[in-house]
Amino acid sequence: MSKKTLFWLGAGIIVLLLLPVFLPRFYVYLVSIILLYGLLATSLNLVLGYGGIFQFHHAVFYGVGAYGTTLMLTKTGLPPMLAFIVGPLVSATFGLVLGIICIRLSKLYFGMLQISLGSLVWAIVYRWYSFTGGDDGIHGIPIPEMLSSPKGAYYFTLIITLVCLFIMWKIIQSPFGSALQGIRDNPVRSEMIGINVRMHQLLALALAGFFAGVAGSLFVVVDNTVFPDMLFWTFSLEILIMCLLGGWFTFLGPMLGAAVIVALRTFVSTYTDYWALVLGIIMMLVIFFLPNGILGYVEEKFKRGFIEPEIEEQ
Amino acid sequence: MDAVYSIIPAGVLSQVFVGLSRTTILFIVASGLTLILGVLRIPNVAHGSLYMIGAFTAFTVTKLFGGGSAGFWLALIIAPLVVALIGLIAERGMFQFLYEREHLMLLLLTFAFSLIFGDLVKLVWGGEYKSVPVPHIFQGFVPLFGDLPFPLYNLFLLIAGPVVAILLWLLTNKTKMGKIARAAAVDREMVGAVGINVSRVFAIVFVIGCFLAGLGGVLVAPTVSVTLGMDHNLIIEAFLIVIMGGLGNIWGALLGALIFGLTQSLGILIWPQFGIIFPYLAVVVVLLFRPTGLLKSTW
């Protein structure tokens, strides 16, 4: 990382740390949501953008993490902080198991199977009234006192998100991350040079599940509720759009996408009930005009200007 | 008929027939999905929405014609055509420009369509439940095996399923169009190279697939309450059926629908609250032994 990026990163973090001092309560809540959605989208990007795996139902792991944390908090007397570790671990296990079932011949096969099996998880959560609260979800979750104020929740979310982003950044930079990107670009060749493709992909899926679970636990802290819609497949789609809109070959793209989508949703919802319609139209525009996302587009322009003109395919 | 009951209890038998009627709907919708998947390689998430639009259009058409039998028969013709027209517009207007791009983009585009269709249905028809009356000649019950009452309409469905299957088989195997489509499913470049307009073949296949989704929607309308969100469940079920049967294989869709419909209806007998689990378990078991699905996939 160059000094310039480090400077901007530091400045950004300081601004985020100072935000609750200036902003009204609602906006602090909104920024918390953006941060945790950004974390969620980044965890998806770990497997989608860097791993080339079509993880179409990422919301399942987010929801499982949130429910795991919540059930630990409400149904057991174990130390509350433990719940924030158990939730993500349950999601990671889930990611691994679903990965083992779904990794098949082709990428699309994986995606379709995952959407379907993920929906089963949703259906179970939706119907199991005695355990998950069914379609009502669970409200008023007892949160450790330190985190229960909006500011406490915000700082907790901010710190955990930054730590997780840093770890993911390190993972991508590590030999494991390089191997993962190699598999994305050429699975056959990677296999030939002795990389265990299946193992790498499964590990990536478990890691993505873990960080999605962390995001789910953070939502419990910020919102004090869980509900089945958190793992409905339309939400997975929203996370996908965050990645796509921000730029799914860039590290910070998903975070940017999350910010844009959450801000837009809050803004649009005050005018109309038809958010899905707006989202669908945005998505079409992105697919046709910004296939590499905002950051991807910026990067492309930047590179064209300073390094070398891109050679267009004839 | 006591002989039959001594082997199978009446409750199980009636559930089997419920499952078989469900199979018909599932097969008709899933065959459209698998057709598009096999030839165009698009996992069309909007397929469920098209099915929903078919059901809502059936409601409007029957209501316009006084809610009688005539209305239903007209709906049976008009609604699938309306849905096919929507498919045609979507394919010519959007999908055809993305065939060269990555599959993810195609899938996301169908996702976008499903969101837009869902909200448009809400905009046009509102959020309330709608019901379509069962046409007169199919009202009432027939006794099966002596005294088991079975709705006449479901019997009609049981006949409709195989008819559609045979027509589809004739279309894909006996017509020139079908042969070209099957060839394009295997190697679209080669088909283009021998001077066939692949783009047009794709459009036709896409439209037929959408027509089937609409047809499924009309046929299901008298048996359920037509409502928003009916697309979500169905698309997931159709995906599983197609995966189980082998991507792109129409007979696979039939077999998958059969397994799905029966495990679903019998599962409810075994464990009422979580009967929904059994079809999913069936899929997992099938995939453990046959990773590419039961029948030969075109992929």
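The values are calculated or read from the model by the stated rules, or taken from the named source; none is laboratory data. Everything quoted here is computed from the prediction, not taken from an experiment. So basically every Cβ, Gly included, is an ideal-geometry build from the backbone, and we count neighbours across all protein chains shown.
So, A:L46, is that one under 28 Å from A:G99 (Cβ atoms), assigned to a helix (DSSP H, G or I) and within 21 Å of the chain's Cα centre (by Cα) or not? Full working, then the answer.
On the way: under 28 Å from A:G99 (Cβ atoms): yes; assigned to a helix (DSSP H, G or I): yes; within 21 Å of the chain's Cα centre (by Cα): yes.
Criteria met by A:L46.
Output the residue which, of all residues in the stretch A:15-36 that are of a type in the set (A, V, I, L, M) and at pLDDT below 85, is farthest from A:A258 (Cα to Cα).
My answer is A:V21.
In the stretch B:128-158, which residues are over 22 Å from B:S225 (Cα atoms) and free of Cβ contacts under 8 Å to residues at least 12 places away in the same chain?
The answer is B:P143, and nothing else.
Can you name the residue in the stretch A:82-108 that is within 14 Å of chain B (Cβ to nearest Cβ) and out of contact with any Gly (no Cβ under 9 Å at 6 or more places or on another chain) and is also modelled with the highest pLDDT among such residues?
Checking each candidate, the answer is A:V97.
For the stretch A:130-137, state whether one or more residues are in a helix (DSSP H, G or I) and within 11 Å of chain B (Cβ to nearest Cβ). If you could, list the steps in order and put the result at the bottom.
So the first thing to find is which residues in the stretch A:130-137 are in a helix (DSSP H, G or I), and the list is A:130-132, A:134-136.
Checking the rest, the ones that are also within 11 Å of chain B (Cβ to nearest Cβ) come to A:130, A:134.
Within the stretch A:130-137, one or more residues are in a helix (DSSP H, G or I) and within 11 Å of chain B (Cβ to nearest Cβ).
Please verify whether B:S69 is away from every other protein chain (no Cβ under 14 Å), among the hydroxyl-bearing types (S, T, Y) and buried (at least 21 other Cβ atoms within 10 Å of the Cβ), treating the condition exactly as stated.
Judged against the criteria, B:S69 is not a match.
Taking the stretch B:59-86, which residues are outside any helix (DSSP H, G or I) and among the aliphatic types (A, V, I, L, M)?
Selection gives nothing.
So if I check each of A:T5, A:T69, A:T42, which one is of a type in the set (S, T, N, Q) and farther than 30 Å from A:R198 by Cα?
One residue alone meets the criteria, A:T5.
For the stretch B:243-256, give me the residue count where each residue is at pLDDT 90 or above and either among the hydrophobic types (A, V, I, L, M, F, W, C) or closer than 11 Å to A:S116 by Cα (or both).
Number satisfying all stated conditions: 3.
Which of the residues that make up the stretch A:97-130 are more than 29 Å from B:A30 (Cα to Cα) and not aromatic (F, W, Y)? First the steps, then the outcome.
Within the stretch A:97-130, the subset more than 29 Å from B:A30 (Cα to Cα) is A:129-130.
Within the stretch A:97-130, A:S130 is the sole residue that qualifies.
Of all residues in the stretch A:95-126, how many are of a type in the set (K, R) and over 20 Å from the mean Cα position of the chain (by Cα)?
Total meeting the criteria: 1.
Return the pair list, or none, for Cβ contacts closer than 8 Å from residues in the stretch A:174-201 that are more than 13 Å from A:G49 (Cα to Cα) to residues that are hydroxyl-bearing (S, T, Y) and surrounded by 13 or more Cβ atoms within 10 Å (Cβ to Cβ), at least 6 apart or on different chains.
Listed pairs, sorted by first residue: A:A179/A:S190; A:V197/A:S190.
On the basis of being in contact with a helix residue (DSSP H, G or I) (Cβ under 8 Å, 6 or more places away or on another chain), modelled with pLDDT of 85 or more and of a type in the set (A, V, I, L, M), does B:V134 make the cut? Give the steps one after another, and end with the answer.
Numbers: in contact with a helix residue (DSSP H, G or I) (Cβ under 8 Å, 6 or more places away or on another chain): yes; modelled with pLDDT of 85 or more: no; of a type in the set (A, V, I, L, M): yes.
No; evaluated as a whole, the condition is false for this residue.
Go through (1) at pLDDT below 85; (2) within 14 Å of chain A (Cβ to nearest Cβ); (3) surrounded by fewer than 19 Cβ atoms within 10 Å (Cβ to Cβ) and name the single condition B:L104 misses.
(3)
Here is a check on your reading of the model: is A:L147 touching a residue at least 40 places away in the same chain (Cβ under 8 Å), more than 14 Å from chain B (Cβ to nearest Cβ) and either under 24 Å from A:V226 (Cβ atoms) or under 21 Å from the mean Cα position of the chain (by Cα) (or both)?
For A:L147, the condition - touching a residue at least 40 places away in the same chain (Cβ under 8 Å), more than 14 Å from chain B (Cβ to nearest Cβ) and either under 24 Å from A:V226 (Cβ atoms) or under 21 Å from the mean Cα position of the chain (by Cα) (or both) - is met.
Select the helices (runs of 4 or more DSSP H) contained entirely in the stretch B:191-299, then report the ones holding at least 3 residues which are farther than 24 Å from A:H57 by Cα and within 13 Å of the chain's Cα centre (by Cα).
Hits in the stretch B:191-299: B:198-220, B:250-270.
Give me the residue from the stretch B:253-274 that is surrounded by 17 or more Cβ atoms within 10 Å (Cβ to Cβ) and over 12 Å from B:G19 (Cα atoms) and, out of that set, farthest from the other protein chains (Cβ to nearest Cβ).
Filtering first and then ranking leaves B:L254.
Could you please let me know if B:L167 is in contact (Cβ under 8 Å) with a residue 24 or more places away in the chain, within 20 Å of B:C210 (Cα to Cα) and away from chain A (no Cβ under 14 Å)?
Details: in contact (Cβ under 8 Å) with a residue 24 or more places away in the chain: no; within 20 Å of B:C210 (Cα to Cα): yes; away from chain A (no Cβ under 14 Å): yes.
Considered against the rule, which asks whether it is in contact (Cβ under 8 Å) with a residue 24 or more places away in the chain, within 20 Å of B:C210 (Cα to Cα) and away from chain A (no Cβ under 14 Å), B:L167 comes out as no.
Of all residues in the stretch A:249-274, count the ones that are part of a helix (DSSP H, G or I) and surrounded by 18 or more Cβ atoms within 10 Å (Cβ to Cβ).
Taking the stretch A:249-274 and keeping what is part of a helix (DSSP H, G or I), we get A:253-269.
Subset that is surrounded by 18 or more Cβ atoms within 10 Å (Cβ to Cβ): A:253-259, A:261-262.
Residues in the stretch A:249-274 being part of a helix (DSSP H, G or I) and surrounded by 18 or more Cβ atoms within 10 Å (Cβ to Cβ): 9 in total.
Please determine, by comparing only the residues of the stretch B:82-101 that are more than 11 Å from chain A (Cβ to nearest Cβ) and surrounded by fewer than 17 Cβ atoms within 10 Å (Cβ to Cβ), which one is farthest from B:L40 (Cα to Cα).
Per the criteria, the residue is B:L85.
Please find, within the stretch B:33-56, the residue that is nearest to the other protein chains (Cβ to nearest Cβ) out of those that are assigned to a loop (DSSP other than H, G, I, E, B) and under 15 Å from A:S106 (Cβ atoms). Working first, answer last.
Here is the first cut: in the stretch B:33-56, the residues assigned to a loop (DSSP other than H, G, I, E, B) are B:41-46.
Keeping just the survivors that are under 15 Å from A:S106 (Cβ atoms) gives B:41-43.
Working: B:R41: 8, B:I42: 9, B:P43: 5 Å.
This residue is B:P43.
Would you please name the residue that is farthest from the other protein chains (Cβ to nearest Cβ), looking only at residues in the stretch B:107-128 that are over 22 Å from A:F56 (Cβ atoms) and part of a helix (DSSP H, G or I)? Show your work before the answer.
The first filter runs over the stretch B:107-128 and keeps only residues over 22 Å from A:F56 (Cβ atoms), leaving B:120-128.
Of the ones still in play, those that are also part of a helix (DSSP H, G or I) are B:120-125.
Numbers: B:L120: 7, B:V121: 11, B:K122: 7, B:L123: 7, B:V124: 12, B:W125: 14 Å.
For the stretch B:107-128, the residue satisfying everything is B:W125.
Regarding the stretch A:190-203, can at least one residue be identified that is within 14 Å of another protein chain (Cβ to nearest Cβ) and in a helix (DSSP H, G or I)?
Yes; the residues of the stretch A:190-203 include at least one that is within 14 Å of another protein chain (Cβ to nearest Cβ) and in a helix (DSSP H, G or I).
Quick check on my filter: what residues within the stretch A:99-121 are of a type in the set (S, T, N, Q), surrounded by 23 or more Cβ atoms within 10 Å (Cβ to Cβ) and within 17 Å of A:L202 (Cα to Cα)? Before the answer, list the steps.
Step one: filter the stretch A:99-121 for residues of a type in the set (S, T, N, Q), giving A:106, A:114, A:116, A:119.
Subsequent filtering for residues that are surrounded by 23 or more Cβ atoms within 10 Å (Cβ to Cβ) retains A:114, A:116, A:119.
Within the stretch A:99-121, just A:Q114 meets the criteria.
So, of the residues in the stretch A:126-161 that are more than 30 Å from A:L16 (Cα to Cα) and touching a Gly at 6+ places or on another chain (Cβ under 8 Å), which turns out to be surrounded by the most Cβ atoms within 10 Å (Cβ to Cβ)?
Only one residue fits best here, namely A:Y126.
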